[in-house]
Each structure stands twice: as C-alpha cells, then as structure tokens.
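Take a look at the structure below.
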Amino acid sequence: MWSHDYFEKTLRSNGFRLIAGVDEVGRGALAGPVLAAAVVLDGKEDYTTFRDSKILSAGRRRILAQRIQAEALGVGFGWISESEIDRINILQATYKAMLQAVANLPTPPDMVLVDGFFLHGLEMPCIGIVGGDSRSYSIAAASIVAKVSRDALMLALASGYPQYGFDRNKGYGTDFHRRAILQYGPSPCHRRTFQGVRAAGGNDGQ
C-alpha cells in the first residue's frame with residue numbers, strides 16, 4: 001500500500017522540486033461557488049497529519065490550514081461562480097477553477113498532482129490520482145485549505161440568506177436545505193441548473 005508521500009518522494013528522486021497538489025470543494029453543492037486550491041510544500045516536514053479534509057473536524061481543518069498557509073512555498077486559489085457553473089456546467093467549472101488555482105501560485109510548479117483526474121490545459125506535466133487526497137500529502141493539503149476557504153465563504157453567505165442554513169450545510173443538498181429551496185425559492189447564490197433547485201421553479205428567495 002502506498003504511503004501518503006509516495007508520489008512526492010518518487011517525483012523528487014526524479015528531479016521534480018516544485019510539486020503542486022490540487023483539489024476542489026463544492027462540486028456537488030446546490031449553492032455557492034466551486035473552489036479549488038493548489039499547494040506547493042517543500043517536502044522537508046512531517047505531513048502525516050494532512051489527510052482528506054472530509055475526514056477531519058472543522059476545528060482540525062482550520063488549525064492545519066493555518067499551518068499550510070504558513071509553511072507552504074505557495075498557495076493558489078481558483079473559484080467559479082454559480083452563474084458560470086450554470087453556463088458552462090459543473091465539470092468544466094471544476095477544471096477551470098483548478099487551472100486558476102495553479103495559475104495563481106506565486107511560482108509555477110514543475111509537476112501537478114490532481115485529485116481524481118488528469119487536468120488538461122497546463123503548461124507543466126500532471127498526474128491524476130484517484131483518491132489523491134488520501135494518497136498524496138500535497139493534494140490533502142490542497143483539500144484542507146480549499147475546504148476551509150469555501151466554508152468561510154458559505155458562512156458569510158449565511159448571514160444574507162439565513163433561511164437556507166448555509167452555516168450548517170455549506171450549500172449542500174441536505175433535507176433542510178432542499179425544503180428551504182422549495183419554500184422560499186432559490187437565492188442568487190443557488191445553481192439554477194442543478195436538480196433540487198430547478199424544482200423550485202422561478203420563485204426567487206428573499
């Protein structure tokens with residue numbers, strides 16, 4: 001079974017130094033943007049606590065995100081709005097957010113590791129890793145900072161649209177959220193093309 005640093009160690013032994021891990025969050029949500037992060041670490045520290053953000057508590061994610069931001073050689077973000085998701089579809093929006101995240105790194109990496117799939121359109125080599133957020137500490141770090149950043153955004157949106165419970169569901173389709181969409185209609189930050197939002201018709205939430 002591969003260790004969490006297998007890919008990074010192998011790549012560094014073959015001359016790659018600036019290795020970016022890339023992951024996204026919010027792909028399956030009904031509201032809010034899809035957000036991607038790219039993280040480059042120096043490979044000299046102990047990253048065993050970096051794990052898939054979904055299995056970490058919110059408090060643990062925030063602590064690790066602070067550490068990643070402090071220690072990383074570079075962190076880049078990309079995000080695509082709800083209206084653009086509706087216009088180009090969520091898969092293309094995910095690709096675009098990831099490309100933005102890599103482009104927003106302070107120094108271009110010489111290798112990119114992506115959770116789940118190969119990312120076209122990069123100027124450097126890329127490896128897609130299925131389950132990458134549990135098999136690469138660089139991807140895990142990206143998943144953590146992406147999740148913390150998007151959660152903070154959804155918390156801010158919750159103050160403007162408290163009826164949807166964004167502070168609790170972060171825009172995902174919980175039973176409470178789906179009932180609220182049917183009751184109040186979609187808000188401006190809902191994805192109108194998504195099933196569960198379309199069912200509310202044209203009524204806009206206030």
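Every number here is computed from the coordinates shown, using simple stated rules; none is lab data. Keep in mind it's a predicted model, so treat the numbers as computed, not measured. Reconstructed Cβ throughout: ideal geometry from the backbone, glycine too, with neighbour counts over all protein chains shown.
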Ignoring chymotrypsin sites (Phe, Trp or Tyr not before Pro) buried by more than 13 other Cβ within 10 Å or outside DSSP loops, the longest site-free run in the chain is 3-117
Relative to the present Cα-Cα distance, how much length would full extension add between residue 172 and residue 69 at 0.36 nm per residue of separation?
34.5 nm
What trypsin sites (Lys or Arg not before Pro) in the stretch 1-50 are in a loop by DSSP, with at most 10 other Cβ atoms within 10 Å of the Cβ?
44
Counting other Cβ atoms within 10 Å, keep those with at most 16, restrict to DSSP loop, and tell me which GluC sites (Glu not before Pro) in the stretch 1-100 are left.
45
Would you compute, from DSSP H runs of 4+ residues alone, the mean residue ellipticity of the chain at 222 nm, taking -39500 (n - 2.57) per run and dividing by the full residue count, rounded to the nearest 500?
-12000 deg cm²/dmol
Which label marks the calculated value of mean projected area of the Cα convex hull in nm², given the options (1) 13.0; (2) 12.0; (3) 11.4?
(3)
Going through the DSSP H helices of the chain, which span 15 Å or more along their own axis at the Cα atoms while scoring at least 0.5 as a mean Kyte-Doolittle hydropathy?
90-103, 137-160
Normalised contact order of the stretch 6-158, rounded percent, pairs of Cα under 8 Å and 6 or more residues apart:
35 percent
120, 177, 4 arranged by Cβ crowding within 10 Å, fewest neighbours leading:
120, 4, 177
Cross-link partners among lysines for residue 170, C-alpha distance below 26 Å, same-chain residues fewer than 8 apart left out?
54, 96, 147
The residues 49, 10, 94, sorted from fewest to most surrounding Cβ atoms within 10 Å, come out as 10, 49, 94
Checking the stretch 108-206 for trypsin sites (Lys or Arg not before Pro) in a loop per DSSP with at most 16 other beta-carbon atoms within 10 Å yields 192
Please arrange 87, 67 by how many other C-beta atoms lie within 10 Å of their C-beta, fewest to most.
87, 67
